[in-house]
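Take a look at the structure below.
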Amino acid sequence: MQEHFRTCNLCEAMCGVVISHTEGVIHSIKGDRQDPFSRGHICPKAIALKDLQDDPDRLRTPLKRVGQSWEAVSWEQAFADIGQRWQQLRRQYGGDALGFYTGNPTVHHTGAMLLLAPLIHACGARKRFSATSVDQLPAMLAAQQLFGHQLLLPVPDIDRTDFFLCLGGNPAASNGSLMSAGDIMGRIRSMQQRGGKFVVVDPRYSESAEKADAHLAILPGKDVFLLAALLQSIFSRGWEKPGRLLQMLHGWDEVRQLVAPFTPEKVATLTGIEADRIHRLAYEFSHATHAVAYGRVGACTQQFGGLNLWLIQVLNIVTGNLDRPGGSMFSHPAIDLVGLGLERGGFDRFRSRVRGLPEFSGELPAVCLAEEILVPGPGQLRALITHAANPVLSVPGGAQLDTALAQLEFMVSIDCYLNETTRHAHYILPPSGPLEQGHFDLIFNMLAVRNVVRYNPPMREKPIECRHDWEILLELAVQMGGRNRAERLRLSLMRTLVHRLGIEGILDILLRLGPYGQPVPVIRRWQQKSSDQGLFRLLTGALQDRWPDVWQGLQHTALFSGKQQDLTIKRLLTAPHGLDLGPLMPALPERLQTASGLIELAPAIYRQDMQRALERLEMSDGQNSLQLIGRRHVRSNNSWMHNSRRLTKGPGRCTLMMHPEDAAQRQIGADQRVCVRSVSGAVELPVELTTAVRPGVVSMPHGYGHHRPGMRLTIAEAQPGVSVNDVLDPGQVDPLCGVAVLNGVSVNVSPVGRSQAT
Ligand SMILES: Nc1nc2c(c(=O)[nH]1)N[C@H]1C(S)=C(S)[C@@H](COP(=O)(O)OP(=O)(O)OC[C@H]3O[C@@H](n4cnc5c(=O)[nH]c(N)nc54)[C@H](O)[C@@H]3O)O[C@H]1N2
Ligand SMILES: Nc1nc2c(c(=O)[nH]1)N[C@H]1C(S)=C(S)[C@@H](COP(=O)(O)OP(=O)(O)OC[C@H]3O[C@@H](n4cnc5c(=O)[nH]c(N)nc54)[C@H](O)[C@@H]3O)O[C@H]1N2
Ligand code: SF4
Ligand SMILES: [Mo]
């Protein structure tokens, strides 16, 4: 029996697991008690890693669609055919007709994170989409606007805070998001035991609210008014105390003026929260020794998502809680993508062809995908690559997208399942199994509540006939991108180099460049050799002129900062449980990437959008229809883990939660099926009567709807559920940033007869 240690990469929590196996045959998966970060904690999904690895439905080799059926083809043939077809389409229509969609698991995969950019660049697809715009876009936009970089995302310093204000997040189900921490609920419990407070703002009495010291059942989509009123209350009573932050920011007076009209008294009806309660929360938050406000999916994906995530940071700043222990802090990750000069993330540099929604970081909002395919005209989308994405289930207007994808001239999916989305592909290229790949968290180490680092090699070799995600991406880059001899040569040199280095070799270089890295000894020696200093200065000078972003970042790296530590991949291989690099440290102003070198507290885009909020405030409410919101369950993971029997057994979870009063008004009984209808679609599902949702609000999970023909998901198809995104309207976005409105959508609910599902 062998023991394999690794990080579970199914969600953001980065729990360490220990897998007992014999030659790759798994006997058990348990929490790794020696992991300094997760300390043995896991959730039920970790054990499903075995189900994913062993799932007979998981694809292992390429499939080619031939009419209504699928044919196995060799990798060589698949790559060659795809390259040829893509190049032809590119010549015929140009890059505007080519698209790329990256889904959630992409960020959980080291190899994909490293090799995706070269493919996107080489293949020339100009219409890019990702899960960002149905998720955390507002948080990234705020990071970019305030701090100058889309990945300078502050995280709650949960281990040292005394007051955790959580808006639209349910860590008890999600295990924490944009806040990576093994055992997040254990950490919150420890805070409560220290005398700290956990306050949850959520229209539903969620699993997290059950554990909270206070729950504010806000009306869906109204967080902006609560946040502005908290700030108004703080300013009007002189409770602001920005401390040292005041010297490093622009826009203090603007913020004070912008929130002035939003008094707690004025927003009470709209938010469903009494004015006194808002004043009390403002007092508690501003008087706590250490406090942090945090907003997640429920706060991001709504009509004022952009403003919400901005105001949350403003609240942290105004109370002096940004960049200090126990507040909202920046990490110092071992591989620092900000420092390495990764794109800062532009905003609104161009707009979508059909609806005119703004890009973010080169990507268009996911809700535009269907119309970009369906609406004719120059730049109509004709061909698409998807990587680890299931937009048919994860994007509003799923049914329309289902139709649209079927009309593409060419589609390639890099994905492990034949599912709702990939069934439209002409080729499916499946990656190796989850335990056949090494793992390093490039993104979630940046979002962790402590500075931590860990690398684990694969548990077992991949079968000879399989390819890793990164190998697929790299080969596609060569085949799809090589339009002429020079390009082909450049790409094949890159391929040789990457294969030579391997993923571990690339990680080693990035680690050495990072703040804990051991610089490659020869570079260090070269830098120090007096006869070469002139040349060194010349080269770094050129770098400074040509790529100032890269230069700025590099200055914090081991090579230039003079800090020499010992982090290399070799060192990590000797520490299979991971290394703790210490608590979060203050990082400002050094880590700011704004042009001014200051925190931009009141950027123009938010100042303008506050007018929209003000107009909404002045309107009489008049909202009589039911408001639909979403939810997650700890045994489910977005759209793709319903093929594990272990996770799906028991009563179906795809239900509509509804308050008994709302049900009685509509003659809906406890064991009934209901029809949920919006302006854009309708689905039928069992109702679940509960006082956990406030009257006027109904809740439905996403990621179900496995009833479409032509898939290969035996277990999921047996318990298909319906997709909330067949009800949600792709027309509804936050106009500021194009993030989809997934929460706070008007629906009608009516009974449709007795349920068979109980
Ligand atoms: N088990 C499990 N874990 C997961 C996932 C999963 O699918 N399953 N998905 C992963 C992913 S991709 C992500 S992004 C994270 C998400 O992590 P979280 O954001 O923590 O997860 P959700 O459960 O979506 O929590 C959103 C909460 O917002 C509430 N809400 C809805 N509308 C509003 C509103 O208008 N205002 C406020 N204040 N609250 C509102 C909902 O009731 C819900 O409780 O979870 C990750 N972890
Ligand atoms: N209504 C509503 N819609 C939502 C949300 C909501 O709360 N409500 N949440 C949104 C959020 S936060 C997110 S992140 C998105 C998620 O939605 P998507 O980004 O579409 O991701 P998933 O649903 O997780 O689907 C993942 C796909 O990746 C494949 N896959 C899994 N592992 C791998 C791998 O290792 N390699 C490759 N190549 N493929 C793999 C799976 O087979 C599946 O097809 O959904 C969003 N949609
Ligand atoms: S909480 Fe997330 S990382 Fe931890 S075991 Fe569960 S799925 Fe894996
Ligand atoms: Mo997400």
Discussion item. Here is a list: 28, 69. Which entry is among the hydroxyl-bearing types (Ser, Thr, Tyr), in contact with a helix residue (DSSP H, G or I) (Cβ under 9 Å, 6 or more places away or on another chain), surrounded by fewer than 22 Cβ atoms within 10 Å (Cβ to Cβ) and without any contact (Cβ under 8 Å) to a residue 60 or more places away in the chain?
Written reply: 28
Worksheet entry | Residue under evaluation residue 666, criteria (1) more than 30 Å from residue 391 (Cβ to Cβ); (2) within 25 Å of the chain's Cα centre (by Cα); (3) basic (Lys, Arg), criterion not met | (2)
Worksheet item: For the stretch 127-157, which residues satisfy the criterion of being within 11 Å of ligand 2 (Cβ to nearest atom), in contact with an Asp or Glu (Cβ under 8 Å, 6 or more places away or on another chain) and outside any helix (DSSP H, G or I)?
Response: 129, 130
Item to complete: Could you list, in sequence order, all residues of the stretch 6-35 that are among the polar types (S, T, N, Q), over 25 Å from the mean Cα position of the chain (by Cα) and within 15 Å of ligand 3 (Cβ to nearest atom)?
Response: 28
Worksheet item: Does the stretch 414-434 contain at least one residue that is over 22 Å from residue 123 (Cα atoms), in contact with a Cys (Cβ under 9 Å, 6 or more places away or on another chain), assigned by TED's automatic domain parsing to the domain that holds residue 107 and not in a loop (DSSP other than H, G, I, E, B)?
Response: yes
Worksheet item: Which of the residues spanning the stretch 196-233 are in a loop (DSSP other than H, G, I, E, B), open to solvent by less than 10 Å² (accessible area, probe 1.4 Å) and more than 16 Å from ligand 2 (Cβ to nearest atom)?
Response: 196, 218, 222
Worksheet item: Taking the stated definitions as given, is residue 502 under 25 Å from residue 62 (Cα atoms), open to solvent by less than 70 Å² (accessible area, probe 1.4 Å) and touching a Lys or Arg at 6+ places or on another chain (Cβ under 9 Å)?
Response: no
Discussion item. Suppose we keep only residues that are more than 15 Å from residue 736 (Cβ to Cβ) and modelled with pLDDT of 95 or more within the stretch 340-360. Which one would you say is surrounded by the fewest Cβ atoms within 10 Å (Cβ to Cβ)?
Written reply: 349
Item to complete: Could you check the stretch 1-110 for strands (runs of 3 or more DSSP E) lying wholly inside it with 2 or more residues that are touching a strand residue (DSSP E or B) at 6+ places or on another chain (Cβ under 6 Å) and within 16 Å of ligand 4 (Cβ to nearest atom)?
Response: 98-102
Worksheet item: Quick one: which of 137, 165, 153 is out of contact with any strand residue (DSSP E or B) (no Cβ under 8 Å at 6 or more places or on another chain) and either within 16 Å of ligand 1 (Cβ to nearest atom) or closer than 24 Å to residue 633 by Cβ (or both)?
Response: 153
Worksheet item: Is the stretch 626-638 home to any residue that is open to solvent by 20 Å² or more (accessible area, probe 1.4 Å), more than 20 Å from residue 104 (Cβ to Cβ) and small (Gly, Ala, Ser)?
Response: no
Discussion item. Going residue by residue through the stretch 617-634, is there one that turns out to be basic (Lys, Arg), within 16 Å of ligand 2 (Cβ to nearest atom) and either modelled with pLDDT of 95 or more or within 20 Å of residue 302 (Cβ to Cβ) (or both)?
Written reply: yes
Worksheet entry | Residues of the stretch 697-727 satisfying the condition of being at positive phi and buried (at least 18 other Cβ atoms within 10 Å of the Cβ) | 703, 705, 721
Worksheet, complete the sentence: Checked the stretch 601-619 for anything loosely packed, with under 14 Cβ neighbours inside 10 Å and charged (D, E, K, R); matches are 615, 618
Worksheet item: Has the stretch 173-185 got any residue that is under 21 Å from residue 154 (Cβ atoms), within 16 Å of ligand 4 (Cβ to nearest atom), open to solvent by 20 Å² or more (accessible area, probe 1.4 Å) and part of a helix (DSSP H, G or I)?
Response: yes
Discussion item. Pairs please, first residue from the stretch 402-415 and under 15 Å from residue 375 (Cα atoms), second anywhere and assigned to a strand (DSSP E or B), Cβ atoms under 8 Å, 6+ apart in sequence or on different chains.
Written reply: 405/384; 405/411; 408/383; 408/384; 409/383
Worksheet item: What is the number of the single condition among (1) touching a Pro at 6+ places or on another chain (Cβ under 9 Å); (2) open to solvent by less than 60 Å² (accessible area, probe 1.4 Å) that residue 641 does not meet?
Response: (1)
Worksheet item: What about residue 271, is it open to solvent by less than 20 Å² (accessible area, probe 1.4 Å) and within 16 Å of ligand 2 (Cβ to nearest atom)?
Response: no
Worksheet item: So is residue 143 small (Gly, Ala, Ser), under 16 Å from the mean Cα position of the chain (by Cα) and within 16 Å of ligand 3 (Cβ to nearest atom) or not?
Response: no
Fill in: Failed criterion for residue 78 (all others in (1) open to solvent by less than 10 Å² (accessible area, probe 1.4 Å); (2) under 20 Å from the mean Cα position of the chain (by Cα) hold)
(2)
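Of these, 51, 96, which one is within 16 Å of ligand 2 (Cβ to nearest atom) and either at pLDDT 95 or above or assigned by TED's automatic domain parsing to the domain that holds residue 649 (or both)?
Answer to the selection: 51.
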Worksheet entry | Identity of the residue in the stretch 308-325, of a type in the set (A, V, I, L, M, F, W, C), over 28 Å from residue 453 (Cβ atoms) and more than 19 Å from the chain's Cα centre (by Cα), that ends up surrounded by the most Cβ atoms within 10 Å (Cβ to Cβ) | 311
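The values are calculated or read from the model by the stated rules, or taken from the named source; none is laboratory data. Please read all numbers here as calculations on a predicted model, not as lab measurements. Backbone-built Cβ (ideal geometry, glycine too); neighbour counts: all protein chains shown. To get the accessible areas, we keep the full protein, side chains included, count just its heavy atoms, and leave off ligands, DNA and RNA. Shrake-Rupley method; radii C 1.70, N 1.55, O 1.52, S 1.80 Å.
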